[in-house]
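Only one structure is covered here, and it is reproduced in the block below.
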Amino acid sequence: MKMFKKAGILVLLVVLLASFATMSCKKKDDDGAATGKGTPYIAVVSKGEQHDFWQQVKLGANAAADKYGVDITFEGPPSESDVQVQVEMLNNAMAKGPVAIALAALDTNSVIDQLQECKDKGIPVIGFDSGVPNAPAGSIYANASTDNFNAAGMAAIAMFDVIKGDIEKASSAKPVTIVVMNQDAAGESLLSRGKGFRDTMVDLIVSKTALTEGDIKVMGNPAYVESKNPTKGNKVMIEMVVPASAAATDSAAAATAVLNKVKEANILGIFCSNEATVKGLLAATNDGSDLTAAYPGLVVLGFDAGEGQKNAVRSEYFLGSITQDPYSIGYKAVELAFNAYSGKSVSDVDTGAKFYNKDNMDDADIKGLLYD
């Protein structure tokens with residue numbers, strides 16, 4: 001009799017364990033996580049981790065991973081010029097069998113084979129930040145990114161409002177210059193920002209002053225000078241500057257070279273299109289304090305945030321800056337990746353941008369976007 005009781009208890013335990021295992025392997029609802037194949041893994045391959053911006057992207061990505069119950073890896077190369085390092089990171093992530101990938105490509109041409117492989121295997125790829133421009137058709141399901149062209153246009157509007165009077169006084173005998181500093185000439189986000197500022201400034205000069213396109217000359221790095229741009233003028237120069245590399249020392253050197261000709265070239269304003277170029281300018285000006293003393297009247301705007309840039313804005317060394325929402329970029333990238341993996345229809349998401357200065361940077365809708 002005791003033997004039968006023991007056998008009955010064992011059978012009951014086996015049944016209970018089997019039921020528990022079945023329940024734990026069932027797919028949860030859309031706000032939950034694990035499938036019968038285990039917890040889905042999504043690889044997030046960024047342009048870097050070195051700047052405050054990417055740390056906020058990472059926080060957003062982790063928050064989405066928590067919500068949707070997925071495992072993620074978040075990694076990026078030491079520098080945004082380390083293209084091959086990013087390629088190896090992508091290869092390693094793909095070897096782990098991700099159900100989806102979020103990618104901010106440093107150079108699309110370097111990852112063409114990987115994108116084609118993902119497409120052939122049905123692995124959804126979501127672009128974020130600058131995305132993956134010119135990727136093989138159908139390999140990118142959607143993008144989570146700032147409309148960088150329009151965001152930089154906001155900076156041009158803010159600067160123009162201050163320097164309009166000086167632009168109107170420009171002549172062939174005494175031309176004026178506006179400088180746009182861009183970290184490189186390859187990343188889609190930076191190209192879009194440089195071009196967005198450039199084109200908006202040209203439009204403002206033509207529409208709101210007596211000057212014409214024939215009075216304007218867009219010059220500098222050829223990646224930022226297009227056939228549609230005015231290049232024959234001798235009254236207003238819009239100079240597109242790119243440092244020798246993405247290294248901090250080269251950004252500082254490029255900023256110093258610009259500052260050395262402020263008087264000679266009658267430079268009215270400088271727009272730094274990302275955190276790296278802002279840091280270069282700050283390094284060249286004693287954290288910005290030299291700007292007002294040595295270059296009175298020079299109007300400077302930045303892009304993104306970070307402690308140094310926020311201090312420069314709050315101290316009025318900078319007129320202001322444009323902030324993205326890096327947390328939302330990371331969050332939406334993982335959310336889109338999860339939805340694509342789940343078979344849902346996905347489409348591009350504009351994660352937004354705002355202009356901030358010393359007067360509004362503590363407002364509720366701005367301060368949360370100003371990361372350190």
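The values are calculated or read from the model by the stated rules, or taken from the named source; none is laboratory data. If you're wondering where the values come from, they're calculated on a predicted model, not measured in any experiment. Cβ atoms come from the backbone with ideal geometry, glycine included; neighbour counts cover every protein chain shown.
Only one of 139, 130 is within 19 Å of residue 186 (Cα to Cα) and in contact with a helix residue (DSSP H, G or I) (Cβ under 8 Å, 6 or more places away or on another chain); which? So that I can check it myself, show each step before the final result.
Values: 139 fails: within 19 Å of residue 186 (Cα to Cα).
Criteria check complete, one pass: 130.
With respect to the conditions (1) surrounded by 14 or more Cβ atoms within 10 Å (Cβ to Cβ); (2) not in a helix (DSSP H, G or I), residue 86 lacks only one, and its number is (2). Considering only residues in segment 167-188 that are in contact with a Leu (Cβ under 8 Å, 6 or more places away or on another chain) and of a type in the set (Asp, Glu), the one that is surrounded by the fewest Cβ atoms within 10 Å (Cβ to Cβ) turns out to be 168. Scanning segment 110-122 for residues that are among the β-branched types (Val, Ile, Thr) and crowded, with 21+ Cβ neighbours inside 10 Å gives a single hit, 111.
Give segment 70-82 a look and list any residue that's at pLDDT 95 or above and surrounded by fewer than 17 Cβ atoms within 10 Å (Cβ to Cβ), or say none.
The initial filter retains those residues of segment 70-82 that are at pLDDT 95 or above, namely 70-77.
Across segment 70-82, the qualifying residues are 71, 73.
Looking for something over 20 Å from residue 198 (Cβ atoms), surrounded by fewer than 23 Cβ atoms within 10 Å (Cβ to Cβ), at pLDDT below 95 and of a type outside the set (A, V, I, L, M, F, W, C) - is there at least one such residue anywhere in segment 283-302? Yes, there is a match, as at least one residue in segment 283-302 is over 20 Å from residue 198 (Cβ atoms), surrounded by fewer than 23 Cβ atoms within 10 Å (Cβ to Cβ), at pLDDT below 95 and of a type outside the set (A, V, I, L, M, F, W, C).
Remark: residue 93 falls outside the filter, which requires a residue to be within 16 Å of residue 329 (Cα to Cα), in the same structural domain as residue 337 (by TED's automatic domain parsing) and at pLDDT 60 or above.
Against the list (1) closer than 28 Å to residue 305 by Cβ; (2) surrounded by fewer than 22 Cβ atoms within 10 Å (Cβ to Cβ); (3) out of contact with any helix residue (DSSP H, G or I) (no Cβ under 7 Å at 6 or more places or on another chain), the condition residue 107 fails is (3).
Across segment 336-372, which residue is nearest to the chain's Cα centre (by Cα) among those that are within 23 Å of residue 274 (Cβ to Cβ) and either among the polar types (S, T, N, Q) or in a helix (DSSP H, G or I) (or both)? Per the criteria, the residue is 351.
Of the residues making up segment 342-367, those that are in contact (Cβ under 8 Å) with a residue 24 or more places away in the chain and farther than 25 Å from residue 149 by Cα number 1. So for segment 41-57 (the condition being at pLDDT 95 or above and over 19 Å from the mean Cα position of the chain (by Cα)), does at least one residue qualify? So far as segment 41-57 goes, yes, one or more of its residues are at pLDDT 95 or above and over 19 Å from the mean Cα position of the chain (by Cα). Looking only at residues of segment 313-335 that are among the aliphatic types (A, V, I, L, M) and not in a loop (DSSP other than H, G, I, E, B), we find that the one that is farthest from the chain's Cα centre (by Cα) is 313. Here segment 47-69 is the region considered, the condition is being assigned to a loop (DSSP other than H, G, I, E, B) and among the charged types (D, E, K, R), and the residue that is surrounded by the most Cβ atoms within 10 Å (Cβ to Cβ) is 47. The condition (being touching an Asp or Glu at 6+ places or on another chain (Cβ under 6 Å), farther than 24 Å from residue 353 by Cβ and of a type outside the set (Asp, Glu)) is satisfied by just one residue among 83, 70: 83.
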